[in-house]
Amino acid sequence: MKFSKALSVLSCVLALSTAATASTCNNSDSSSSSSCASLDYFKEAPFVSPRVLLEGNILSLEEYSASTSTTPTPTWSINGCCSKQSIGELPQMSTTQSETVLQNALKGWSNGQGTWTQMSLSDRIKHIRAFVAELMNKREEIVRVLMWEIGKNYPDAKSEFDRTISFIEKTIDVIESESATSEDYNQESTFTKIGTTNVFKRRNGFGIILCLGPYNYPLNETYATLIPALLMGNVVILKIPQVGGLSHLLTFDAFVSSLPPNTIHFISGSGRKTLPPLMESGKVDGLAFIGGTNAAGLLIKQ
């Protein structure tokens, strides 16, 4: 908690420029979906309710406990950078709950026979584009949470969201461009003929990918690993950071409406409680980690 308070004080200093920088909206941001008329929306503290994504369903903590027959899941109340009251609560999952998430991910992978993995690349691209469209509906909410939780000013928070969307779109553009000159991607999952033999060849996922992103760019840097992993047909488990994690709770709706159940999973809470059982299981096929080398080394050794 001392670390949290210290970080809040530091972030608060960074956020003092929010009003000044956002006021430039009248001159330079008139085309943004976050209109100047709604600037007061960003000055008002948000509140993000705790929730869990379980097998394609978004559950309150009460519903989650009832469906899994577990004791109530505790939460971590987050004040963020400048609020004297809570701006959201992050579920603190137990070791057992993180193991359940892994089991659901294995269902989604199904030894490489899962719905998402067996889908053609062109269809996966359509689903990710649908996700982008749904995520755009959450733009203002996510920008506001980034401002209040980790102290980004308005232009920086807006830029992080917009650069994330741009990254997804450009990643798809590269895949489609490469597909036009190479048979490796095989977007439509069709057979080709080599001599007298019909050959089926395509790039595909290789299993369960555990993604861990940083607190300072919780959306942009995390999605730099998450989106390519999904596009290639992998099943993803995203460990939500303790600081900067509220923005991820706001993405649940977009994922649920766009991807098949058990394609993406979220774990929140202490990394020391939730991650070791996943790594020790031997069932995590890839680790996408952005952070310190010491922490990464410890995870890999497990």
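The values are calculated or read from the model by the stated rules, or taken from the named source; none is laboratory data. Computed from a predicted structure; not experimentally measured. Because the Cβ atoms are built from the backbone with ideal geometry, glycine has one as well, and the counts that use them run over all protein chains shown. Surface accessibility is based on the protein's heavy atoms, side chains included, excluding ligands, DNA and RNA. Shrake-Rupley method; radii C 1.70, N 1.55, O 1.52, S 1.80 Å.
Structure notes:
- Restricting segment 169-178 to residues that are surrounded by fewer than 16 Cβ atoms within 10 Å (Cβ to Cβ) and not acidic (Asp, Glu), the residue that is nearest to ARG129 (Cα to Cα) is LYS170.
- Search result, residues across segment 203-230 that are open to solvent by 50 Å² or more (accessible area, probe 1.4 Å) and in contact with a Leu (Cβ under 9 Å, 6 or more places away or on another chain): ARG203, ASN204, TYR215
- Residue in segment 225-232 that is within 18 Å of the chain's Cα centre (by Cα), in a loop (DSSP other than H, G, I, E, B) and at pLDDT below 95 present: yes
- Of note, PRO214 satisfies the criterion of being assigned to a loop (DSSP other than H, G, I, E, B), of a type outside the set (A, V, I, L, M, F, W, C), over 19 Å from PRO50 (Cβ atoms) and modelled with pLDDT under 95.
- Where helices (runs of 4 or more DSSP H) sit wholly within segment 78-183, those with at least 3 residues that are in contact (Cβ under 8 Å) with a residue 60 or more places away in the chain and in contact with a Gly (Cβ under 8 Å, 6 or more places away or on another chain) occupy 95-109, 115-118, 139-150.
- Where THR196 falls short, out of the listed (1) touching a Cys at 6+ places or on another chain (Cβ under 8 Å); (2) at pLDDT below 90; (3) among the hydroxyl-bearing types (Ser, Thr, Tyr): (1)
- Residue that is least open to solvent (accessible area, probe 1.4 Å), among those in segment 56-77 that are in a loop (DSSP other than H, G, I, E, B) and more than 18 Å from GLN103 (Cβ to Cβ): PRO74
- Among (1) part of a helix (DSSP H, G or I); (2) among the aromatic types (Phe, Trp, Tyr); (3) modelled with pLDDT of 80 or more, the one test that PHE3 misses: (3)
- Within segment 252-264, the set of residues being at negative phi and surrounded by fewer than 24 Cβ atoms within 10 Å (Cβ to Cβ) comprises PHE252, ASP253, ALA254, PHE255, VAL256, SER257, SER258, LEU259, PRO260, PRO261.
- Selection of segment 151-168 for residues being of a type in the set (S, T, N, Q) and either open to solvent by 30 Å² or more (accessible area, probe 1.4 Å) or over 15 Å from the mean Cα position of the chain (by Cα) (or both) yields ASN153, SER159, SER166.
- Pair list, Cβ under 9 Å, 6 or more apart: segment 31-50 residue of a type in the set (D, E, K, R), other residue in a helix (DSSP H, G or I) and modelled with pLDDT under 85: LYS43/THR18; LYS43/ALA19; LYS43/ALA22
- Residues in segment 115-147 that are surrounded by fewer than 17 Cβ atoms within 10 Å (Cβ to Cβ) and touching a Pro at 6+ places or on another chain (Cβ under 6 Å): 1 in all.
- Test: residue in segment 93-114 that is open to solvent by 30 Å² or more (accessible area, probe 1.4 Å), closer than 23 Å to TYR217 by Cα and not small (Gly, Ala, Ser): no
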